[in-house]
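Read through the structure below, which is laid out as structure tokens, and then see the notes.
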Amino acid sequence: MIEARQLTKRYGEKTAVDGLDFVVKPGTVTGFLGPNGAGKSTTMRMVVGLDTPTGGSVTVNGRHYAQHRAPLQEVGALLEAKSIHPGRSAYNHLRALAMTHGIPRRRVDEVIELAGLGSVAKKRAGAFSLGMGQRLGIAAALLGDPQTVMLDEPVNGLDPEGVLWIRNLLTSLAEEGRTVFVSSHLMSEVALVADHLIVVGRGRLLADTTVRDLVREAGGDTVQVATQDPARLRDVLAGPGVDVTGRIGSEELRVTGLTAREIGLKAAEHGIALFELSTRQVSLEEAFMDLTRDAVEYHGSAPGTETVESLGRPA
Amino acid sequence: MSTLTATAQAPSTTAVRPAYRVTGRRVLASEWAKLWSLRSTWITLGLGLLFLIAFGLIAASRYKSGIGSGHMDRDFASSTAVSLSLFGTNFAQLALGVLGVLVTAGEYSTGMIRSTLAAVPRRLPVLWSKAAVFGLVALITGTFGVFVAFLFGSRIVSGTPAAMDFSHAGVVRSLLGAGLYLGLVAVIGAALGALLRSVAGGISVLVATLMLIPGLVSLLPSSWRDDISPYLPSNAGESMFALTHDATSLSPGAGLLVFLGWTALALAGAAYRLMRSDV
């Protein structure tokens, strides 16, 4: 359980995190989303006490991180890939961290196996690829068998196999009843694993919601219909909670509030011919972009470049 | 019965979780393990030891051959077996001080510090442990080095005016003082590294403190110079292991106190920055 109350961090003039209030609950995967520079990493660093908040507070399982007797058992964090000394072997790195808590060697071997680092554990960590470094960071995060697992952009630099591994890992951790908090700037990635979403932009909370609700609020599922008699179909479909739009003289209509199946049945009932009937889902990516459009830190500057451009491929 | 089984299953992971805990001794053990798991430690310590012994022996040999030839620098001619054996101290202090800087600042330059402080978020135990572990290692290395240098150096110069052995007054005190000095230089290095969070910055300030400032102070008017000079870290440190003392230098005890004061000051600065600044 992570609780942030009015969490604020200023660096001189710049406000990186601006009065964030949120709760990350156990037993689910909570996605922490926002464009680059939205304050995600700063927030995560404040959770584990590396940065001190300018205002407000953040607690882990009811206490400030530093007040726990065994911090690594409360929160296991992957912050930045390079939180290691390149001259030390993966095994020695994990072993040194384990020693501070009295974590046995057996557990070090366990997380090395879990992260798939068995064959390279004795090699200098400086020679690791980005993906291997990321796996080492995750091994370190899991070392203390923590209640809360917090990962900052965990899939960065991982190959497809690694990405899949992370997804399964996150899901199984949540199933074990742990709190899983994972940040990303890619909606599509988070949507695959997260149930709950905390969306930030420019340090402010934009949404604290579920994946389902986010899609619904962004327009829900739309059904596209093409028919011989659009005017009659409109009348037939009309009802509470149903919205039908379409240009005058066009055969195409867009319907929200009814499923394709319901529309098809009603049309058949009234003998209206349909040429097309398809469900168009508002993509999560679109919903996310709608939400963060105003909060994107760095818009593409070339004339004619849409914000979509800068969001779709963040540097 | 059913309630019993229910409660037995309910606390999922919490019930069987081992009771880990961060303690001062464990942080100390962790820093010990970290120190020896880096190749740079072995190289730099080896280098420090080499400087101590090799330069001590070279100085003793030069003295011996100089005595024979007759023309020799007056300062060099007034050397003793102790001062000759300790010739390498100047170089060894750089090796050990630099390694001290690396022990702390190296964690900042690599990012390791984030892992370290996430494991020990109270932070100060990390600084004390680093200073203690590395200070002790440097103390032992330094003491071993100067005793070996003297053991062989005094044999080389036996039969010359510089000849001395362990039974001479002040010899053992000087050698122990030199070892202690090297240990404290290492602690100062570690403190500077933690204070400045930069390997280059830490090494620069260390070299400036130990080697450049004494030279600069000599530019001051002599009345000031004589008041300030003995209290400088390098000069106070030198009094710890010098065999003879005159009016311009501190006694070994006073030198030790002043040098301890400088060490404490550096550590206090490091502790302040560690607690106050984000990582």
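A short reminder: the numbers here are calculations on the coordinates, not readings from a lab. Remember, it's a predicted structure, so these values are computed and weren't measured experimentally. So basically every Cβ, Gly included, is an ideal-geometry build from the backbone, and we count neighbours across all protein chains shown.
Using DSSP, restrict attention to beta bridges with both residues in chain A and report what percent are antiparallel, rounded to the nearest 5.
Around 65 percent of the beta bridges assigned by DSSP in chain A are antiparallel ones.
Among A:Val60, A:Val75, A:Val225, which one moves the most in a GNM of chain A with springs linking Cα atoms closer than 10 Å?
Of the options given, A:Val225 has the highest mean-square fluctuation.
So what is the relative contact order for region A:103-157, in percent, with contacts set as C-alpha pairs under 8 Å and at least six apart?
39
Where the centre of each part is set by its Cα atoms, how far does region A:26-89 sit from region B:12-68, in angstrom?
Computed from Cα coordinates, the inter-centre distance equals 32 Å.
Please list, in order along region B:104-113, the HN-Hα scalar couplings obtained from phi with the Karplus expression 6.51 cos²θ - 1.76 cosθ + 1.60 (θ = phi - 60°), rounded to whole Hz, x for Gly and Pro.
Running phi through 6.51 cos²θ - 1.76 cosθ + 1.60 with θ = phi - 60° gives 9, 5, x, 5, 6, 5, 8, x, 4, 4 Hz.
When DSSP assigns beta bridges and you keep just the ones with both residues in the protein assembly as shown, what percent turn out antiparallel, to the nearest 5?
Counting only bridges with both partners in the protein assembly as shown, antiparallel ones make up about 65 percent.
Could you tell me what percent of the DSSP beta bridges with both partners in region A:149-261 are antiparallel, to the nearest 5?
Roughly 80 percent of the beta bridges in region A:149-261 run antiparallel, per DSSP.
A:Val29's amide H: which non-local residues (gap 5+, or another chain) put their own amide H closer than 5 Å, with H modeled 1.01 Å from N in plane and none for Pro or chain starts?
Excluding prolines and chain starts, which carry no amide H, the hits are A:Asp195, A:His196.
Please report the orientation-averaged projected area of chain A, defined via the convex hull of its C-alpha atoms, in nm².
20.8
Lys/Arg Cβ at +1, Asp/Glu Cβ at -1, dipole of the protein assembly as shown taken about the Cα centre: which of A:Gln228, B:Leu102, B:Ala59 is farthest positive-ward?
Most positive-ward Cα: B:Ala59.
Return B:Arg197, B:Arg39 ranked ascending by Cβ neighbour count within 10 Å, so the fewest neighbours appear first.
B:Arg39, B:Arg197
Using the crude model of +1 on Lys and Arg Cβ and -1 on Asp and Glu Cβ, and no other charge, please compute the dipole size for the protein assembly as shown relative to its Cα centre, in debye to 20.
2220
5 Å is the cut-off here: which amide hydrogens, built 1.01 Å from N in the peptide plane, fall below it relative to A:Ser89, excluding neighbours closer than 5 in sequence?
So A:Ser89 has HN proximity to A:Ala125.
Enter the angle in degrees (range 0 to 90, nearest 10) between the Cα long axis of helix A:90-101 and the first principal axis of the Cα atoms of chain A, meaning the one along which they spread out most.
80
Between A:Met44, A:Met99, A:Met132, find the one with the highest GNM mean-square fluctuation for chain A; connect C-alpha pairs within less than 10 Å.
The residue with the greatest mean-square fluctuation here is A:Met99.
Which of rounded, prolate or oblate describes region A:79-217 when judged by the alpha-carbon gyration tensor and an a/c cut-off of 1.5?
Note, shape of region A:79-217 comes out prolate.
List the relative contact order of region A:42-131 as a percent without decimals, with contacts defined as Cα pairs under 8 Å and 6+ residues apart.
About 26 percent, as a whole number.
Looking at chain A as a GNM with Cα springs under 10 Å, which of A:Leu173, A:Leu78, A:Leu265 has the largest mean-square fluctuation?
Its mean-square fluctuation being the largest, the pick is A:Leu265.
Mind putting together the pair-distance distribution for the protein assembly as shown? All Cα pairs, 10 Å bins, whole percent per bin, short to long.
3, 14, 19, 18, 14, 11, 9, 5, 3, 2, 1, 1, 0
Whole-Hz Karplus ³J(HN,Hα) for region B:194-207, in order, using 6.51 cos²θ - 1.76 cosθ + 1.60 and θ = phi - 60°, x for Gly and Pro?
Running phi through 6.51 cos²θ - 1.76 cosθ + 1.60 with θ = phi - 60° gives 6, 6, 9, 6, 9, 5, 5, x, x, 5, 4, 5, 4, 5 Hz.
Take A:Val190, B:Val148 and order them by how many other Cβ atoms sit within 10 Å, fewest up front.
By the 10 Å Cβ count, ascending, the order reads B:Val148, A:Val190.
What are the residues whose amide H is under 5 Å from the amide H of A:Arg204, where those residues sit 5 or more places off or on another chain and H is modelled from the backbone?
HN-HN under 5 Å from A:Arg204: A:Asp18.
Could you grab the relative contact order for chain A? Cα pairs under 8 Å, six or more apart, rounded to a whole percent.
21
Just counting partner chain Cβ atoms within 10 Å, what average do the residues of peptide A:72-80 show around their Cβ?
Rounded to a whole number, the mean comes out at 3.
What ranking of B:Tyr63, B:Tyr272, B:Tyr181 emerges when the number of other C-beta atoms within 10 Å of each C-beta is taken as an exposure proxy, fewest first? Could the numbers behind the result be given before it?
On the way: B:Tyr63 25, B:Tyr272 11, B:Tyr181 29.
Lowest count first: B:Tyr272, B:Tyr63, B:Tyr181.
Show me the GluC sites (Glu not before Pro) within region A:1-86 that DSSP assigns to loop and that have at most 13 other Cβ atoms within 10 Å of their Cβ. Could the numbers behind the result be given before it?
Details: sites: A:Glu3, A:Glu13, A:Glu74, A:Glu80; in loops: A:Glu13, A:Glu80.
Sparse-neighbourhood loop GluC sites (Glu not before Pro): A:Glu13.
Give me the dipole magnitude in Debye, nearest 20, for chain A about the Cα centre, with unit charges on the beta carbon: positive for Lys and Arg, negative for Asp and Glu.
On the way: 34 positive and 38 negative charges, 308 e Å.
About 1480 debye.
Taking θ as phi - 60°, what are the ³J(HN,Hα) couplings along region B:134-141 by the Karplus curve (6.51, -1.76, 1.60), each to the nearest whole Hz, with x for Gly and Pro?
6, x, 5, 4, 5, 4, 5, 4
Which whole-angstrom value gives the distance between the alpha carbon centres of region A:121-181 and region B:219-257?
If we compute the Cα centre of each part, the gap is 56 Å.
Provide the net charge surrounding A:Asp235, with neighbours chosen by a C-beta distance below 12 Å and charges set as Lys +1, Arg +1, Asp -1, Glu -1.
+2
Please compute the net charge surrounding B:Phe147, taking Lys and Arg as +1 and Asp and Glu as -1 over other residues with Cβ under 15 Å from its Cβ.
For residues surrounding B:Phe147, the net value is +1.
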